[in-house]
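Heads up: the structure comes next, in structure tokens.
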Amino acid sequence: MAEKPDVWQGTLALMVLKTIEAMGPLHGYGIARRIEQTSGDLLSVNYGTLYPALLKLEQEGYITSEWGMSDNNRKAKFYSLTRAGRKHVHRETHDWQQMTNIVARFLAPGEKSS
Amino acid sequence: MRRARAWFRRLAGVFNKSRRDRELSAELESHLQLHIDDNIRAGMSPQEARRRAIIKLGGIESTKENYRDRRSIPIIETLLQDIRFALRMFRKNPGFALAVVLTLALGIGANVTMFSVVDALLFRMPDHIRAPEQIVNVELMVKPEAHDPFGSEDRPNVAFHNFPGYLNLSENVRTMDLAAETSAWPIDFGRGADAREISVSYVSHTYFSLLGVQLAFGRSFTAEEDNPAGGIPVVVLGYDFWRDLGADAQILNHAVWIGERQFTVIGVAPKGFNGLDSARLDAWMPVSDVPVAAGQDLLHSKDNWWLDTIGRPKKGATRAQAESEIAVVYAGYAKTDNGVRGNITMQSSLGSKVDWNVRLTPYFDSRTDKLSQGARVSLWLSAVAFIVLLIACANVANLFLVRMFQRKQEMAIRLQLGASRGRLIGQTLVESLLLSSAGGGAALLVSYWIRPIARAVLFAPETYVGSFMNWRLIALTIFFTAIAGISSALIPAWRVSRSSLTSDLKSDRQGRSNSRSAARATLLVTQVALTLVLSIGAGLFIESLRHAHMFDQGFQTDRALLASMNLGTSSLKTAVINAAYNTLAERAAHTPRVERVALAHAIPLMGGIYTSVGDPASSDSAFAGIDQVSSEYFAALGIKILQGRSFLPSDRAGTLPVVIVNQTLARDLWHDENPIGKCLALRNFNKKECHTVVGVVPDQIKSLAAGHTMSRKIAGPAFNTADAYFPMEQHISKDFDGPPDGLLIRTFGPASLAQHDISAALTGLAPGGRYVSVRPFSEIMDPQIRPFRLGASMFTFFGALALLLSSVGIYGVLAFLVRQRTAEIGIRMALGALPQNVLKLVIWQGMKFAALGVVIGIAAALSLTRLVRSLLFEVRPTDVPSYMTACAVLITVALLACLLPAWRAARVDPATSLRHE
């Protein structure tokens, strides 16, 4: 995809947050796997790019991390949303939807407003 | 807000690096494990599972790098890394680090010390004064007449004010607050065994409030106390003086003897306040309490000019407005005084009308005009200190170059591995700045310790110098440290940026590139040249000091003391004072170690009375100093009688009036004729009386330093006046009747040794227990010699410092070059060269630098020393012996510095050196 890096980072962050919101506390591998699935395998995520993004979200205070046990009894670091993170997700989602609506109007075949 | 929070987290991330690294590794490891488990569950083999998981994760190293970059602030990380690396390098090579720090500490320390001196002398505003930049000096400018020996036509003199003039100003000027003050006057304090001499200033009651000074306790004078019609004698003591007296908190309302009266203490000034100048003041008294000698009326007479007037423009008034108002007020005053219209003209002390003018100059700016000799020398010394810093930096740059060369392989490898040149240069800068910071810190310490020594050498003992640490000093230290650090790193950094990888990687330590040698050679030659300039300067100043010491005053100062009582303003009758001095003379004559005593009216080096004299037989006149002395005078001062005889006890009242003249007077009045037997008369007093000349003595020099800037009509460095000496017993005119001014004492052996005994013998002999001051002439002369001694000692110190630094520099570079050429030397010796040849080779290499440096240094010195001509005493700036001595010293030092490396080179074993890589 010919996206600019910062836009990509921004969308990646949103996808991560949405994933955690939907799935609850999840480890890095799980998040990556889930994003791939959700995007219908259209996105080929280099899993390594996830970790700097997770760090940034943690530094900004939207998620927190904690070591815990996975289903297979593997030690893993789990990430969960903070309250600020939850608010951020809702706001970002709303903004995205607004933007897609506006862009859609431009891209739709011309309709005379009546 | 979020970004700030993120930034702080990143800052924190700088600090717990290893823990985070471990955590990330653990997380990535766990990620891989989870993925592998999934893959295995999906049916892959363990190896395949692992392989796919790793591929999918992407480059682990690049992930880690991105993570790290995100986690902390990369620039700070880099900096910390560089610092840690530099510290490790210093630990491995402590000699290098120590050499650099020491060199820089000396160079920076010298500059910091000089700056604190110059700062105290020139820039520091006195403490406790409110808004000192507003204070102005009300200056009366007067153009001197043609034959005034104390001025020149093109430079107007600044005159004092008289008291009625000040009063007139203070009553009529609306735009300024005004106050009167005197400079520091010496006066006696106390009675009996605790009597001493102190330094006081007489000020108007507006003085303290004009300056805005808050007294430590007590109060300052009221207008009633400063009333010329009869004020109440009160005094404000200086803080240090109050402490000397015992720091009695109850001192208020106590009475103390000052001069001839008792004064009530009403206040103590704050610590560090010494009026407007830097000399220590012990007390302030109302100006109307100024001690008056008989016949003087300082407070009412318009002919006594003795006050300074200072002012502060009131709110809303500018200095220009105030200046014009004062000019108008003063013109009005002059008119009523002399009835002269038009220009302000008044009587001068020499009896004729001169042109006057009034102007306001800021008190504290004009300090640069009034630069004392000591201040001027200090400024020069600052420049010298800067040169020393340059030499130090050159040394350090060379040290860095050498070290760079030793590390060139390491540098090449790092470049190969991907480090950018910028990074390497940054690392060099970090190293150099670390070292120079250590040097700067050490310099502050060194300067703190040296400061008392510098103070003792540079300043008159009574000068008050404020505290050491102030923000200006610290800012300057940082500035010098930065200069030192950056300049020392420049050349090596440039070297790094130009290094060629392939040649450096070769383990060949014997390559020599032209640019590198050129840099090194230039540095070394510059060092030598600068050092030579400093050494020549030191030589000139030492010579100057020697001349000043040896200068023939016309009398022997090292065995002479002066005992005096400050009785000029007392109400004691002349007969009483005469008797007192006779008692002192008697007692002193019987004190051990005293050879002779004599009384005199005018004391050498301490001013005198001048009047017009001439031969009644002709109309020629000369302006001569008049002294009345006892018959032992010339013997007591060790003055040779050149012609005729000295005074005898038979030259008394009633016998033939006689006089002894000095060579200048004899030449002025009688040219080449024999003056013995001629007549001398005072033109303005007792005109007809003929005093027969019975002897001729050499000229006495009145002042060393003053002679420098004196009237150009008088050639030579000192001021020769014509002098005439009369016997004290013979009465020349009633205008000259009066008690003697002092007792001259000649000792066996140095005067300073006998000072204590004589002082103890004479204490308490003055009427009423007044203070008797006993001082060797060397002490009286000292303020005049001090600037020359100052120049000599400081230049010598800096010259020695520069020599030390340069010799270390030469040694270092040579040692390095020898090591570099070890293989070559080994080959030469294997081919049959003798140790002496090798010795000569190395020494020649070193001396090449020295020789070139000497040549350049001489050229530089020839052009630069001209600038200090005014600071030298009877020494030409091109004084050949000084130059030759300095060159000899430098060449010797350079030779010595070459010897050790040369000797090491000569001992090289050809076999080992050839294997040596």
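The values are calculated or read from the model by the stated rules, or taken from the named source; none is laboratory data. This is a predicted model, so every value here is computed, not measured. All Cβ positions, even for glycine, are placed from backbone atoms using ideal geometry, and neighbour counts span all protein chains on display.
Whether a residue is at pLDDT 90 or above and either more than 24 Å from B:R9 (Cβ to Cβ) or surrounded by 11 or more Cβ atoms within 10 Å (Cβ to Cβ) (or both) was assessed, and A:E111 does not pass this test. If you take the residues of region B:86-117 that are over 33 Å from the mean Cα position of the chain (by Cα) and aliphatic (A, V, I, L, M), which of them is surrounded by the most Cβ atoms within 10 Å (Cβ to Cβ)? If we take residues in region B:86-117 being over 33 Å from the mean Cα position of the chain (by Cα) and aliphatic (A, V, I, L, M), then B:A86 is surrounded by the most Cβ atoms within 10 Å (Cβ to Cβ). When restricted to residues that are within 56 Å of the chain's Cα centre (by Cα) and within 11 Å of chain A (Cβ to nearest Cβ), region B:36-85 contains 5. Considering the conditions (1) farther than 20 Å from B:G58 by Cβ; (2) within 11 Å of another protein chain (Cβ to nearest Cβ), A:N46 is excluded by exactly one of them, (1). Which of the residues belonging to region A:20-50 are assigned to a helix (DSSP H, G or I) and closer than 17 Å to A:S70 by Cα? Of everything in region A:20-50, those that are assigned to a helix (DSSP H, G or I) and closer than 17 Å to A:S70 by Cα turn out to be A:I20, A:M23, A:G28, A:Y29, A:G30, A:I31, A:A32, A:R33, A:R34. Condition first: among the hydroxyl-bearing types (S, T, Y), part of a loop (DSSP other than H, G, I, E, B) and either touching a Lys or Arg at 6+ places or on another chain (Cβ under 6 Å) or under 29 Å from B:R130 (Cα atoms) (or both). Can you find one or more residues in region B:294-306 that meet it? No - not one qualifying residue is present in region B:294-306. Among the residues of region B:3-28, those identified as at the interface with chain A (Cβ under 9 Å from one of its Cβ atoms), free of Cβ contacts under 8 Å to residues at least 24 places away in the same chain and either part of a loop (DSSP other than H, G, I, E, B) or charged (D, E, K, R) (or both) are B:R3, B:R5, B:R9, B:E23, B:E27. Here B:K840 passes the criteria (1) on the phi > 0 side of the Ramachandran plot; (2) modelled with pLDDT of 80 or more except the one numbered (1).
Selection of first residues in region B:784-798 that are hydroxyl-bearing (S, T, Y) and of second residues that are surrounded by fewer than 19 Cβ atoms within 10 Å (Cβ to Cβ), restricted to Cβ pairs under 7 Å at least 6 apart or on distinct chains, gives the following pairs, ordered by first then second residue: B:S793/B:V457. For the residues A:S80, A:S70, A:S65, the requirement of being touching a residue at least 60 places away in the same chain (Cβ under 8 Å) and either surrounded by 13 or more Cβ atoms within 10 Å (Cβ to Cβ) or hydroxyl-bearing (S, T, Y) (or both) singles out A:S80. Scanning region B:681-692 for residues that are at pLDDT 80 or above, of a type outside the set (D, E, K, R) and more than 47 Å from the chain's Cα centre (by Cα) returns B:A681, B:C690, B:H691, B:T692.
Take residues that are under 31 Å from the mean Cα position of the chain (by Cα) and of a type in the set (G, A, S) and tell me which of the strands (runs of 3 or more DSSP E) falling wholly in region B:151-224 contain 2 or more.
B:176-181, B:196-203
In this structure, B:T878 does satisfy being in a loop (DSSP other than H, G, I, E, B), of a type in the set (S, T, N, Q) and surrounded by fewer than 16 Cβ atoms within 10 Å (Cβ to Cβ).
Screening the candidates B:A635, B:A617 for the property of being of a type in the set (A, V, I, L, M), modelled with pLDDT of 85 or more and either farther than 12 Å from B:P727 by Cα or in a loop (DSSP other than H, G, I, E, B) (or both) yields one hit, B:A635. Being exposed (fewer than 15 other Cβ atoms within 10 Å of the Cβ) and either closer than 23 Å to B:S301 by Cα or in contact (Cβ under 8 Å) with a residue 24 or more places away in the chain (or both) holds for only one residue in B:A223, B:A247, and it is B:A223.
For region B:658-671, check the following and say yes or no: at least one residue is in contact with an Asp or Glu (Cβ under 8 Å, 6 or more places away or on another chain), in contact (Cβ under 8 Å) with a residue 12 or more places away in the chain and of a type in the set (S, T, Y).
Yes; the residues of region B:658-671 include at least one that is in contact with an Asp or Glu (Cβ under 8 Å, 6 or more places away or on another chain), in contact (Cβ under 8 Å) with a residue 12 or more places away in the chain and of a type in the set (S, T, Y).
The single residue among A:W96, A:W67 that is of a type in the set (A, V, I, L, M, F, W, C) and within 14 Å of chain B (Cβ to nearest Cβ) turns out to be A:W67. For region A:50-64, the tally of residues that are at negative phi and within 7 Å of another protein chain (Cβ to nearest Cβ) stands at 6. Of all the listed residues (B:A575, B:A579, B:A588), the sole one being crowded, with 19+ Cβ neighbours inside 10 Å and modelled with pLDDT of 80 or more is B:A588. Pairing each residue of region B:854-869 that is closer than 17 Å to B:E543 by Cβ with any residue that is in a helix (DSSP H, G or I), provided the two are 6+ apart or on different chains, yields C-beta distances under 6 Å for B:A861/B:V533; B:A861/B:I536. Note on region A:31-43: among residues that are within 11 Å of chain B (Cβ to nearest Cβ) and surrounded by fewer than 20 Cβ atoms within 10 Å (Cβ to Cβ), the one that is modelled with the highest pLDDT is A:R33. Is there a residue being among the β-branched types (V, I, T), closer than 30 Å to B:M794 by Cα and not in a helix (DSSP H, G or I) anywhere in region B:839-860? Within region B:839-860 (the criterion being among the β-branched types (V, I, T), closer than 30 Å to B:M794 by Cα and not in a helix (DSSP H, G or I)), the answer is no, since none of the residues qualifies.
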